[in-house]
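A.B. asks: Have a look at this one.
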Amino acid sequence: MMVVVVVNAPPRLRGRLAAWLVELRAGVYVGDYSARTREMIWEQVLGGLDQGDAVMVWKAPTDQGYDFRTCGKNRRMPVDFDGLKLVSFFQAKEH
């Protein structure tokens with residue numbers, strides 16, 4: 001199983017994702033595909049995201065049982081911590 005979450009994605013990309021995955025909520029897509037198809041879907045996300053951001057998570061043979069990747073500008077960024085993939089938060093910009 002895999003989950004893709006997009007924020008501020010153009011309608012064109014959201015439509016492409018909806019062709020392969022089920023949109024459970026606005027911008028939240030789920031499906032179950034092979035690694036090859038998952039990579040193709042991620043390439044579509046990278047190519048169509050524009051100014052938005054995205055995360056993809058899928059079941060994987062890791063200690064955590066899943067893996068994920070992100071793209072775009074977001075306060076949450078993945079970091080490797082002793083072989084575990086965790087999320088680090090950047091400080092919010094003060095106005």
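The values are calculated or read from the model by the stated rules, or taken from the named source; none is laboratory data. It should be emphasised that the depicted structure is a prediction, and the values quoted were computed from it without experimental measurement. Cβ atoms come from the backbone with ideal geometry, glycine included; neighbour counts cover every protein chain shown. Protein only, heavy atoms only, side chains kept; ligands, DNA and RNA dropped before computing areas. Shrake-Rupley method; radii C 1.70, N 1.55, O 1.52, S 1.80 Å.
A.B. asks: Out of the residues in region 41-56 that are touching a helix residue (DSSP H, G or I) at 6+ places or on another chain (Cβ under 9 Å) and without any contact (Cβ under 8 Å) to a residue 40 or more places away in the chain, which is most open to solvent (accessible area, probe 1.4 Å)? Full working, then the answer.
C.D. replies: Of all residues in region 41-56, those touching a helix residue (DSSP H, G or I) at 6+ places or on another chain (Cβ under 9 Å) come to 41, 44-45, 47-50, 52, 54, 56.
Keeping just the survivors that are without any contact (Cβ under 8 Å) to a residue 40 or more places away in the chain gives 41, 44, 47-48.
On the way: ILE41: 0, GLN44: 48, GLY47: 64, GLY48: 8 Å².
By that ranking, first place goes to GLY47.
A.B. asks: Would it be correct to say that LEU17 is aliphatic (A, V, I, L, M), assigned to a helix (DSSP H, G or I) and touching a strand residue (DSSP E or B) at 6+ places or on another chain (Cβ under 7 Å)?
C.D. replies: So LEU17 passes the test.
A.B. asks: Could we say that VAL55 is under 16 Å from GLY31 (Cα atoms) and assigned to a helix (DSSP H, G or I) here?
C.D. replies: Values: under 16 Å from GLY31 (Cα atoms): yes; assigned to a helix (DSSP H, G or I): no.
So VAL55 does not fit the description; no.
Per-residue answers, yes or no, for (1) on the phi < 0 side of the Ramachandran plot; (2) part of a strand (DSSP E or B); (3) open to solvent by 100 Å² or more (accessible area, probe 1.4 Å); (4) free of Cβ contacts under 8 Å to residues at least 60 places away in the same chain:
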site: VAL6; (1), (2), (3), (4): yes, yes, no, yes
site: LEU13; (1), (2), (3), (4): yes, no, no, yes
site: PRO61; (1), (2), (3), (4): yes, no, yes, yes
site: ASP67; (1), (2), (3), (4): yes, yes, no, yes
site: VAL79; (1), (2), (3), (4): yes, yes, no, yes
